[in-house]
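Chemist: Let me give you the structure first, and then I'll get to my questions.
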Ligand SMILES: Cc1cc2nc3c(=O)[nH]c(=O)nc-3n(C[C@H](O)[C@H](O)[C@H](O)COP(=O)(O)OP(=O)(O)OC[C@H]3O[C@@H](n4cnc5c(N)ncnc54)[C@H](O)[C@@H]3O)c2cc1C
């Protein structure tokens, strides 16, 4: 990777998925880019490295892909690494509540009926609990951006209560889904943001969960670097941007950590919201919409990797039904996921999501309790020895989608002339995730291409909903449109 300074067409700040997706798109479109990354490693929150004790490549924390990640998978396709995502094949997800197992499958029925059989079979929920979702289901089938906006100021818990969802169902399904997908408890989640995700869950015909069969960053960093450098682009590591330089109310340059200046024709800032705020001059950061960047609170994670002395399971992945007595939510046996690791002893990675309650625990305590939680699911683990453990404390997994934050997600073209933004948290109409990051990076690239008179499309929109959900959704949207134009 390069050293030195340059005067590129486009300066990109941040070498996570969003920054790299943008850089690859622009490099392949013939632009000279310079990418500035504060850390010594690319990939941001999707980073991986070689663990010095085991020699294994591990990620900052285990991630899942969804087959509906059109942009992220298309990015991997372009990089020729899509085949290195390994998919769950036999079921959608395995949920565990104590020793009780619920396997969720999608049937060949039109949505939302494709989930009905699995739901009907859940023995730990009564019919009253299951049917208490009628109103929220109806609402989700109608969902559009207007409704999401209207519900943004309300908490998901308030909405579920208003819709009459039973306490037990809220605890069993909704609090689990909210924590694992939105990374916050229901009380702290925007009702609009959760409803958007729920509509996808009930309205997509067939989807699957996938995992990187190698280190997560290996999927995209080496190839992205190659494409950028082939396009004469330059990547600067350990190169934090300190401040935006502004002239005549327009972004006119960057001040780097080493005191040097960078000037470019376009600027894309692909960093989390608070980092973006720290680059703004005080008078800009103090006014709307930039002061709102500070209202994005980080959702922290603790990810644990345990190397066991034996094989414990042939499962790839399972999740716990949310329960305040657990630390971890989701578990991944990498020996069943990584290419060529099948014969190895289990290496189980897990996530403590929205981990504030665990911050006072020592690494030893976290390892001990994680071992116990794995033993609940896999009793053979009780007698297994842990050969090695790593605990990663992660200050930001995603910015919390708290009530009111949907409205504050920033569009690609910002109120500061010359500044484009990208990142999972920007206004992509997707939850903050890898898909949103890639989408946002490509959106920024498209704005620059259009500014140069090139109408090229990189982004792929979210697909229409399927089955009965899709029909109801489209009828509702048409009515809303006709209502507006009448
Ligand atoms: C443990 C964990 C589990 C997750 N699980 C999932 C999952 O299962 N599925 C999913 O889709 N997503 C998951 N995510 C979220 C996913 O990783 C992020 O949505 C995505 O990686 C965000 O990419 P980004 O490019 O927007 O931001 P980032 O990855 O944060 O990239 C921003 C980059 O900017 C750099 N930077 C910051 N400040 C400066 C500066 N001043 N100058 C220069 N550079 C700067 C940072 O160092 C960083 O490299 C998870 C995240 C974590 C941490």
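The values are calculated or read from the model by the stated rules, or taken from the named source; none is laboratory data. Predicted, not measured: the structure shown is a model, and the values here were computed from it. In this analysis, Cβ positions are derived from the backbone assuming ideal geometry, glycine residues included, and neighbour counts consider all displayed protein chains.
Chemist: For segment 320-348, how many residues meet the condition of being within 25 Å of the chain's Cα centre (by Cα), under 19 Å from residue 100 (Cα atoms) and in a loop (DSSP other than H, G, I, E, B)?
Modeler: Number of matching residues: 8.
Chemist: Right, something else. Within segment 97-110, can you find the residues that are surrounded by fewer than 18 Cβ atoms within 10 Å (Cβ to Cβ) and part of a strand (DSSP E or B)?
Modeler: Within segment 97-110, the subset surrounded by fewer than 18 Cβ atoms within 10 Å (Cβ to Cβ) is 97-101, 103-110.
Those that are surrounded by fewer than 18 Cβ atoms within 10 Å (Cβ to Cβ) and part of a strand (DSSP E or B): 97, 100, 101, 103, 104.
Chemist: Still on this model: Do we find that residue 114 is under 25 Å from residue 329 (Cβ atoms) and assigned by TED's automatic domain parsing to the domain that holds residue 189 in this structure? Spell out how you get there, then give the answer.
Modeler: Values: under 25 Å from residue 329 (Cβ atoms): yes; assigned by TED's automatic domain parsing to the domain that holds residue 189: yes.
Answer is yes for this residue.
Chemist: While we're on this one: Between 451, 415, 437, 444, which is near the ligand (Cβ under 10 Å from one of its atoms) and in contact (Cβ under 8 Å) with a residue 60 or more places away in the chain?
Modeler: The unique qualifying residue is 437.
Chemist: Only residues that are part of a strand (DSSP E or B) and near the ligand (Cβ under 7 Å from one of its atoms): list them for segment 15-64, please.
Modeler: Within segment 15-64, 36 is the sole residue that qualifies.
Chemist: Could you tell me which of the residues 89, 176 is in contact (Cβ under 8 Å) with a residue 60 or more places away in the chain and in contact with a strand residue (DSSP E or B) (Cβ under 8 Å, 6 or more places away or on another chain)? Spell out how you get there, then give the answer.
Modeler: Numbers: 89 fails: in contact with a strand residue (DSSP E or B) (Cβ under 8 Å, 6 or more places away or on another chain).
So the residue among 89, 176 that is in contact (Cβ under 8 Å) with a residue 60 or more places away in the chain and in contact with a strand residue (DSSP E or B) (Cβ under 8 Å, 6 or more places away or on another chain) is 176.
Chemist: Give me the residue from segment 65-80 that is outside any helix (DSSP H, G or I) and within 16 Å of the ligand (Cβ to nearest atom) and, out of that set, farthest from the chain's Cα centre (by Cα).
Modeler: Narrowing segment 65-80 to residues outside any helix (DSSP H, G or I): 65-69, 79-80.
Checking the rest, the ones that are also within 16 Å of the ligand (Cβ to nearest atom) come to 65-69, 79.
Values: 65: 9, 66: 10, 67: 14, 68: 13, 69: 10, 79: 20 Å.
It comes out as 79.
Chemist: Could you figure out which of (1) within 11 Å of the ligand (Cβ to nearest atom); (2) touching a strand residue (DSSP E or B) at 6+ places or on another chain (Cβ under 9 Å) isn't true of residue 247?
Modeler: Condition not satisfied by residue 247: (1).
Chemist: For segment 285-318, what are the residues that are within 16 Å of the ligand (Cβ to nearest atom), within 30 Å of residue 124 (Cα to Cα) and over 17 Å from the mean Cα position of the chain (by Cα)?
Modeler: Matches in segment 285-318: 304, 316, 317, 318.
Chemist: Does residue 447 satisfy the criteria of being buried (at least 21 other Cβ atoms within 10 Å of the Cβ) and either modelled with pLDDT of 95 or more or not in a loop (DSSP other than H, G, I, E, B) (or both)? Full working, then the answer.
Modeler: Details: buried (at least 21 other Cβ atoms within 10 Å of the Cβ): no; either modelled with pLDDT of 95 or more or not in a loop (DSSP other than H, G, I, E, B) (or both): yes.
No.
Chemist: Could I ask something else about it? Taking segment 274-284, which residues are surrounded by fewer than 16 Cβ atoms within 10 Å (Cβ to Cβ) and away from the ligand (no atom under 12 Å from the Cβ)?
Modeler: Scanning segment 274-284 gives 281, 282, 283.
Chemist: Now for a separate question. Scan segment 413-435 residue by residue and report those that are surrounded by 21 or more Cβ atoms within 10 Å (Cβ to Cβ), over 11 Å from the mean Cα position of the chain (by Cα) and assigned to a loop (DSSP other than H, G, I, E, B).
Modeler: Correct list: 422, 426, 428.
Chemist: For segment 155-173, what are the residues that are crowded, with 16+ Cβ neighbours inside 10 Å and either outside any helix (DSSP H, G or I) or modelled with pLDDT under 95 (or both)? Steps first, please.
Modeler: Step one: filter segment 155-173 for residues crowded, with 16+ Cβ neighbours inside 10 Å, giving 155-157, 159-160, 163, 165-166, 169-173.
Once the filter is applied, which keeps residues that are crowded, with 16+ Cβ neighbours inside 10 Å and either outside any helix (DSSP H, G or I) or modelled with pLDDT under 95 (or both), segment 155-173 yields 155, 163, 165, 166.
Chemist: Within segment 456-469, can one find any residue that is within 16 Å of the ligand (Cβ to nearest atom), surrounded by 24 or more Cβ atoms within 10 Å (Cβ to Cβ) and within 27 Å of the chain's Cα centre (by Cα)?
Modeler: Checked segment 456-469: at least one residue is within 16 Å of the ligand (Cβ to nearest atom), surrounded by 24 or more Cβ atoms within 10 Å (Cβ to Cβ) and within 27 Å of the chain's Cα centre (by Cα).
Chemist: Oh, and also: Could you say whether any residue in segment 395-403 is within 16 Å of the ligand (Cβ to nearest atom), in a loop (DSSP other than H, G, I, E, B) and touching a strand residue (DSSP E or B) at 6+ places or on another chain (Cβ under 7 Å)?
Modeler: Going residue by residue through segment 395-403, those that are within 16 Å of the ligand (Cβ to nearest atom) are 395-401.
When the remaining residues are screened for being in a loop (DSSP other than H, G, I, E, B), the result is 400-401.
Filter once more, so that each one left must be touching a strand residue (DSSP E or B) at 6+ places or on another chain (Cβ under 7 Å): 400-401.
Yes, segment 395-403 contains at least one residue that is within 16 Å of the ligand (Cβ to nearest atom), in a loop (DSSP other than H, G, I, E, B) and touching a strand residue (DSSP E or B) at 6+ places or on another chain (Cβ under 7 Å).
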